[in-house]
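Single-structure report; data block below.
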Amino acid sequence: MKVFIYPTNSLILSDLVERFGHEPLAVMQEISKRVNTPGLDSPPLNITPEDPKLGLKYAAVEVPSGVRGRMSLFGPLISQAEAAIIVRDPVVSFGCMGCARTNELVNFLIRSKKIPMLDLDYPTSEEEAKEFVYKISQFLKSLKPAEEKK
Amino acid sequence: MDSITKMIVINSKKVLPSDVVVKLYESNADVMIKETCFGVMVSGERTVVNRLLSEIRKMDPYGMFIKERGFLPGEPNRCRATRRGGARPGFHMLETEDRLLPNIAQGLRALDRGEVPVKKELKKKLDVEKLKKIIANAEV
């Protein structure tokens, strides 16, 4: 099953989802498509003026183009998602993926999709980590296994 | 050909990035390999990389964490060598999660042992009456 993860570039979530036999939907695969597809000409991320237009599907025209540009990356992932694992208020959302409005919109869209969803906090101790891993494993076991990608 | 780049973040007491690189070279697979400070990056055809990394993970299943990477290894727009130093974009995310990896590894070990974690009691918010008492006691 395709599992959307938030933070969308999380190593831990991406690894755990793959470890338990599902396909993580992470932003890296969208970036990879843009960066490695020949013919696009707006390095480094190849976000072209077309992308904010694609983002119009998710946000109105008066919303900053940064939000709409980001949504052109996250949107396809959300539309493919069959389940989701969300970490609440990750500290890293202040950093590289630090667009608070986009993050709010992503959370809203994924919640409004009414798919199986697991809400968690990042662990701060060993006991919390055990619970974190256990909850994720139980959640992923309750989903149908992913098909092998060829 | 569907190509993919994956990064292995190593947080292990018994495996070093160089050990993984040697193992990857031994496999003779048609992939590009780069050793980094946090682990190894592997780039190649999707099926080859996935098969290879599932084998590599067996070296230390609790000490290796794998995720996909958008950029190729050594991409000039990401690599510090061509960006005049400073943190690589994505470094802070990696650094934050890297600190959690030992605990996550313990969680995975506990899961394999069949441990069921005890449900943590949620902290209750401070009652208003109790707060009022604290304030009254603190007043000089």
#### Entry: Sole residue being of a type in the set (Ser, Thr, Tyr) and over 18 Å from the mean Cα position of the chain (by Cα), chosen from B:Thr47, B:Thr36
B:Thr47
### Query
Mind checking whether some residue in the range A:62-69 is over 26 Å from B:Ala87 (Cβ atoms) and either surrounded by 14 or more Cβ atoms within 10 Å (Cβ to Cβ) or among the hydrophobic types (A, V, I, L, M, F, W, C) (or both)?
yes
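Yes/no per residue for (1) closer than 21 Å to B:Arg46 by Cβ; (2) modelled with pLDDT of 80 or more:
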residue	(1), (2)
A:Glu30	yes, yes
A:Ser42	no, no
A:Pro49	no, yes
A:Val63	no, yes
A:Gly66	no, yes
A:Arg70	no, yes
### Task
Quickly run through the range B:25-51 and pick out the residues that are in contact with a helix residue (DSSP H, G or I) (Cβ under 7 Å, 6 or more places away or on another chain) and either farther than 14 Å from B:Pro73 by Cα or among the basic types (Lys, Arg) (or both).
B:Ser27, B:Ala29, B:Asp30
### Query
Would you say A:Lys130 is modelled with pLDDT of 90 or more and either in a loop (DSSP other than H, G, I, E, B) or under 17 Å from A:Asp15 (Cα atoms) (or both)?
yes
### Message
Quick check on A:Glu82: is it in contact with a strand residue (DSSP E or B) (Cβ under 7 Å, 6 or more places away or on another chain) and within 12 Å of another protein chain (Cβ to nearest Cβ)?
### Response
no
### Query
Could you list, in sequence order, the residues of the range A:43-64 that are charged (D, E, K, R) and not in a loop (DSSP other than H, G, I, E, B)?
A:Glu50, A:Asp51, A:Lys53, A:Lys57
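Go through the range A:1-18 and report how many residues are of a type in the set (D, E, K, R) and at the interface with chain B (Cβ under 8 Å from one of its Cβ atoms).
2
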### Single match in A:Lys135, A:Lys130, A:Lys114 (criterion: more than 17 Å from B:Gly70 (Cβ to Cβ) and more than 14 Å from every other protein chain (Cβ to nearest Cβ))
A:Lys114
### Which listed residue is closer than 26 Å to A:Asn36 by Cβ, free of Cβ contacts under 8 Å to residues at least 60 places away in the same chain and within 21 Å of the chain's Cα centre (by Cα), from B:Leu111, B:Leu72, B:Leu53
B:Leu53
### Task
Would you be able to say whether some residue in the range B:71-87 is facing another protein chain (nearest Cβ under 10 Å) and on the phi > 0 side of the Ramachandran plot?
no
### Query
So which residues in the range A:34-54 are more than 13 Å from chain B (Cβ to nearest Cβ) and over 14 Å from A:Leu73 (Cβ atoms)?
A:Gly39, A:Asp41, A:Pro49
### Message
For the condition in a loop (DSSP other than H, G, I, E, B), surrounded by fewer than 20 Cβ atoms within 10 Å (Cβ to Cβ) and not aliphatic (A, V, I, L, M), what is the one hit in A:Asp89, A:Asp119?
### Response
A:Asp89
### Query
What are the residue pairs meeting all of these: first residue in the range A:37-58, first residue among the hydrophobic types (A, V, I, L, M, F, W, C), second residue surrounded by 11 or more Cβ atoms within 10 Å (Cβ to Cβ) and part of a helix (DSSP H, G or I), Cβ atoms under 6 Å, and 6 or more apart or on different chains?
A:Ile47/A:Gly69; A:Leu54/A:Ser72
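The values are calculated or read from the model by the stated rules, or taken from the named source; none is laboratory data. Not measured: the values here are computed from a predicted model. With ideal geometry, Cβ positions are generated from the backbone for all residues, glycine too; neighbour counts draw on all protein chains shown.
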